[in-house]
Amino acid sequence: MPEITVLLAAPRGFCAGVDRAIQIVEKALEKYGAPVYVRHEIVHNKYVVENLKDLGAVFVEELDEIPNDGQPVIFSAHGVPKRVPENAKARDMFYIDATCPLVSKVHKEAERHYAQGNQVVLIGHNGHPEVEGTMGQLPKGAVLLVETVDDVDGLNVADENKISFCTQTTLSVDDTKEIVEALQKRFPNIISPHREDICYATTNRQAAVKEIAEKCDALMVIGAPNSSNSNRLVEVGLVYGCDKSCLVQRADDVDWDWLESVKTLGLTAGASAPEVLVVEVIDKIRERYDVNVEEVTITKENVVFNIPRVLRDKKERL
């Protein structure tokens, strides 16, 4: 049996915001029974979503797919435009917001800058639900989206001295830094966030990949194709010295031909991928290789976010 060393990056997998969002769905099902409706995937991971479906969660894309049956409606961790809770209130729906507190921080930031009369620039990926949620906090046209350094040149603002920026929380730290530098060069008076918008979990998981990338013949990131933070981990691996980096959803997706001749494999998981999928992949590799697992830890995480009080209280609802 050929030998392989697996360098297991840490931190990896679930972040506090994802863990909180999943708990919210589980607790709502415990308290109110099925069905519990969830607008959009609660987090971008098929395994997680399918498990919650088995428990009685019903996933929809818009509120008009939900009957007026009084059951809870949960908004995903990515955040939603303001029109969504407004529509829910108009229909007298009982809703629970599972938006990650770090995403909510960006929402409040954008609202504050807008209230101060600033043009808001958002660095992010067009079409991502988090970006749609952040842009949807403000009137149409109040937020200008920038995806690349080249987009900065095309920005058209009314007053170059009244401009601020914020970012999606799951971006590449390095790519975002380049865009921020381009913004600051073009708009020297642009207002930055008080604290970094890219969340601690995204930053830590990218840093862990940077630590192992040059030591690996290949890097495998466990995560969903629509997971922004997981895709960024693949990109970081490629940039930081591992020319062979790929994304897999779970063990059955591993391409064994791709692993041929690999002596050292880097392994990590995006912030919406549970540890059970990491164990599953390692167990599958053990069926074909003599595996030596070495965990490479760059920092310990101890962040915890409370679930909403309505799910902690014994009362039926607020």
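The values are calculated or read from the model by the stated rules, or taken from the named source; none is laboratory data. Note that the structure is a prediction, hence the values are computed from the model and not measured. FYI the Cβ positions are ideal-geometry reconstructions off the backbone, even for glycines, and counts take in every protein chain you see.
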- Query: When you go through Leu267, Leu238, Leu277, Leu247 one by one, which is the residue that is at pLDDT 95 or above, assigned by TED's automatic domain parsing to the domain that holds Ala207, touching a Pro at 6+ places or on another chain (Cβ under 7 Å) and farther than 18 Å from Tyr200 by Cα?
  - Reply: Leu247
- Message: Looking at Val25 and the list (1) touching a helix residue (DSSP H, G or I) at 6+ places or on another chain (Cβ under 9 Å); (2) closer than 30 Å to Val262 by Cα, which single condition is not satisfied?
- Response: (2)
- Of Ser192, Ser164, the only residue that is over 30 Å from Trp256 (Cα atoms), touching a His at 6+ places or on another chain (Cβ under 8 Å) and without any contact (Cβ under 8 Å) to a residue 60 or more places away in the chain is Ser164
- Could you run through the range 89-136 and say how many residues are over 24 Å from the mean Cα position of the chain (by Cα) and not in a loop (DSSP other than H, G, I, E, B)? 5
- Considering (1) assigned to a loop (DSSP other than H, G, I, E, B); (2) touching a Ser or Thr at 6+ places or on another chain (Cβ under 8 Å); (3) loosely packed, with under 12 Cβ neighbours inside 10 Å, say which one Glu294 fails and leave the rest. (1)
- Note on the structure: The lone condition Leu265 fails out of (1) hydrophobic (A, V, I, L, M, F, W, C); (2) in contact with a helix residue (DSSP H, G or I) (Cβ under 6 Å, 6 or more places away or on another chain); (3) outside any helix (DSSP H, G or I); (4) closer than 19 Å to Val279 by Cα is (2)
- Task: Could you run through the range 20-44 and say how many residues are closer than 11 Å to Ser272 by Cβ, in a helix (DSSP H, G or I) and in contact (Cβ under 8 Å) with a residue 40 or more places away in the chain?
- Result: 1
- Task: From Asp243, Asp257, Asp197, grab the single residue that is part of a loop (DSSP other than H, G, I, E, B) and over 23 Å from the mean Cα position of the chain (by Cα).
- Result: Asp243
- Report yes if Asn226 is assigned to a loop (DSSP other than H, G, I, E, B) and farther than 17 Å from Val106 by Cα, otherwise no. yes
- Query: Among the residues of the range 78-116, how many are surrounded by 19 or more Cβ atoms within 10 Å (Cβ to Cβ), farther than 30 Å from Asn68 by Cβ and not β-branched (Val, Ile, Thr)?
  - Reply: 4
- Could you please find all residues in the range 151-189 being among the charged types (D, E, K, R), over 19 Å from the mean Cα position of the chain (by Cα) and either in a loop (DSSP other than H, G, I, E, B) or closer than 20 Å to Ser228 by Cβ (or both)? Asp151, Asp159, Glu160, Lys162, Glu178
- Task: Consider Leu52 carefully, then state whether it is part of a helix (DSSP H, G or I), among the aliphatic types (A, V, I, L, M) and out of contact with any Gly (no Cβ under 7 Å at 6 or more places or on another chain).
- Result: yes
- Can you name the residue in the range 117-131 that is touching a residue at least 24 places away in the same chain (Cβ under 8 Å) and surrounded by fewer than 17 Cβ atoms within 10 Å (Cβ to Cβ) and is also nearest to Leu183 (Cα to Cα) among such residues? His125
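Output yes when any residue across the range 69-77 is farther than 23 Å from Arg309 by Cα, buried (at least 20 other Cβ atoms within 10 Å of the Cβ) and at pLDDT 95 or above, and no when none is.
no
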- Message: Being of a type in the set (Ser, Thr, Tyr), more than 27 Å from Ala271 (Cα to Cα) and either not in a helix (DSSP H, G or I) or not assigned by TED's automatic domain parsing to the domain that holds Ala269 (or both): is that true of Tyr47 here?
- Response: no
- Query: For the range 238-248, does any single residue satisfy the condition of being without any contact (Cβ under 8 Å) to a residue 40 or more places away in the chain, surrounded by fewer than 24 Cβ atoms within 10 Å (Cβ to Cβ), hydrophobic (A, V, I, L, M, F, W, C) and in contact with a Phe, Trp or Tyr (Cβ under 8 Å, 6 or more places away or on another chain)?
  - Reply: yes
